[in-house]
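Report on the following structure.
The values are calculated or read from the model by the stated rules, or taken from the named source; none is laboratory data. What you see is a predicted model, and the numbers here were worked out from it, not measured in a lab. Note that each Cβ is placed from the backbone with ideal geometry, even for glycine, and that neighbours are counted across all protein chains shown. The accessibility values were calculated without ligands, DNA or RNA, using every heavy atom of the protein model including side chains. Shrake-Rupley method; radii C 1.70, N 1.55, O 1.52, S 1.80 Å.
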Amino acid sequence: MPLPSRIEGFAIISADGMIADASGHMPAALRIAPDQEFFYAALGHAAAVVHGRYSHEGGAAAAGRHRLIVTRRVSALAPDTMHPMALLWNPVGASFAQAWRALGASDGMLAVIGGTDVYSLFWQLGYDAFHLTRAAQVRLPGGRPVFRELTGDRTPDSVLASYGLRPAETRVLEASAGVTLVTWRR
């Protein structure tokens, strides 16, 4: 079984580049209806979703999606007893190609939905697109950064550019809250 035909990342971040607060939870301030609509519509076209143990898209269709759940709790690959279409994956014990084959998803797009370490797993394989929504009026000091590389003066934009992605036009999702979406493409 071949690898996915596309790899696309999805994240909503605060103005300071965080995907979660200091306790690791996504605050309500980052759950913005127009972004959620975009996100769920895109997941409807995904062959599979990959995320960490604490990230999950939820929603009515979640149980029917193939998914890889990145975790250190297994040595390589194991079925997820809570979600019959999911596979627990430890990248230290199994390659992405092995995980993809074991998952049995159809050809198509892999949606990478976080968290921080999960996004980093796919830099080398290469994102075809990364959909970055920014909530300009939300700040999460001490929160979890979208990318591990956010140190010093590095921004999410500079990290994406450093991996060969270029921004398309900015879409305003909710003007009153300063919420914008930029899709970065290879």
Practice task
Tell me, please, whether a residue that is surrounded by fewer than 20 Cβ atoms within 10 Å (Cβ to Cβ) and assigned to a strand (DSSP E or B) can be found in the range 120-131.
Solution key: yes
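Which of the following residues is open to solvent by less than 30 Å² (accessible area, probe 1.4 Å) and either modelled with pLDDT of 95 or more or of a type in the set (Gly, Ala, Ser) (or both): Gly52, Gly59, Gly64, Gly44? Walk me through it before giving the result.
Numbers: Gly59 fails: open to solvent by less than 30 Å² (accessible area, probe 1.4 Å); Gly64 fails: open to solvent by less than 30 Å² (accessible area, probe 1.4 Å); Gly44 fails: open to solvent by less than 30 Å² (accessible area, probe 1.4 Å).
On inspection, the qualifying residue turns out to be Gly52.
Here is a yes/no grid of residues against (1) under 26 Å from Leu132 (Cα atoms); (2) out of contact with any helix residue (DSSP H, G or I) (no Cβ under 8 Å at 6 or more places or on another chain); (3) basic (Lys, Arg):
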| position | (1), (2), (3) |
| --- | --- |
| Val74 | no, yes, no |
| Asp80 | no, yes, no |
| Val92 | no, yes, no |
| Phe96 | yes, no, no |
| Ala102 | no, yes, no |
| Gly108 | yes, yes, no |
| Gly114 | yes, yes, no |
Exercise for the section: Just give me the residues in the range 25-40 being closer than 18 Å to Gly52 by Cα and exposed (fewer than 14 other Cβ atoms within 10 Å of the Cβ), in sequence order. Expected result: His25
Practice task
Scan the range 148-158 residue by residue and report those that are in a loop (DSSP other than H, G, I, E, B) and under 22 Å from Glu169 (Cβ atoms).
Solution key: Thr155
Practice task
May I ask you to list the residues in the range 131-179 that are touching a Phe, Trp or Tyr at 6+ places or on another chain (Cβ under 8 Å) and of a type in the set (Ser, Thr, Tyr)?
Solution key: Thr133, Tyr163
Problem - Odd one out for Leu87, checked against (1) hydrophobic (A, V, I, L, M, F, W, C); (2) open to solvent by less than 60 Å² (accessible area, probe 1.4 Å); (3) modelled with pLDDT of 95 or more; (4) in a loop (DSSP other than H, G, I, E, B) - result: (4)
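Could you tell me whether any residue of the range 173-181 is surrounded by 13 or more Cβ atoms within 10 Å (Cβ to Cβ) and in a helix (DSSP H, G or I)? Quick ask: steps written out before the conclusion?
Restricting attention to the range 173-181, the residues satisfying the condition of being surrounded by 13 or more Cβ atoms within 10 Å (Cβ to Cβ) are 173-174, 177-181.
Now restrict to residues that are in a helix (DSSP H, G or I): 177.
Taking every residue of the range 173-181 in turn, at least one turns out to be surrounded by 13 or more Cβ atoms within 10 Å (Cβ to Cβ) and in a helix (DSSP H, G or I).
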Problem - Test: residue in the range 106-119 that is out of contact with any Lys or Arg (no Cβ under 6 Å at 6 or more places or on another chain), farther than 28 Å from Ala22 by Cα and open to solvent by 40 Å² or more (accessible area, probe 1.4 Å) - result: yes
Practice task
Filter the range 9-48 down to residues that are outside any strand (DSSP E or B) and out of contact with any Gly (no Cβ under 7 Å at 6 or more places or on another chain), then give me how many there are.
Solution key: 25
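Are any residues in the range 140-172 touching a residue at least 40 places away in the same chain (Cβ under 8 Å) and surrounded by 13 or more Cβ atoms within 10 Å (Cβ to Cβ), and if so, which ones? First the steps, then the outcome.
Of the residues in the range 140-172, the ones touching a residue at least 40 places away in the same chain (Cβ under 8 Å) are 140-147, 150, 155-156, 163.
Answer for the range 140-172, where residues must be touching a residue at least 40 places away in the same chain (Cβ under 8 Å) and surrounded by 13 or more Cβ atoms within 10 Å (Cβ to Cβ): Leu140, Gly143, Arg144, Pro145, Val146, Phe147, Leu150, Thr155, Pro156, Tyr163.
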Problem - Given (1) among the aliphatic types (A, V, I, L, M); (2) surrounded by 16 or more Cβ atoms within 10 Å (Cβ to Cβ); (3) at pLDDT 90 or above, number of the condition Ala76 does not satisfy - result: (2)
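Can you tell me how many residues within the range 51-78 are among the basic types (Lys, Arg) and closer than 15 Å to Gln98 by Cα? Full working, then the answer.
Start the filter on the range 51-78 by keeping residues that are among the basic types (Lys, Arg), which leaves 53, 65, 67, 72-73.
Still in the list and also closer than 15 Å to Gln98 by Cα: 67.
Total meeting the criteria: 1.
Can you tell me which residues in the range 1-55 are hydroxyl-bearing (Ser, Thr, Tyr) and under 13 Å from the mean Cα position of the chain (by Cα)? Before the answer, list the steps.
Here is the first cut: in the range 1-55, the ones hydroxyl-bearing (Ser, Thr, Tyr) are 5, 14, 23, 40, 54-55.
Passing the criteria: Tyr40, Tyr54, Ser55.
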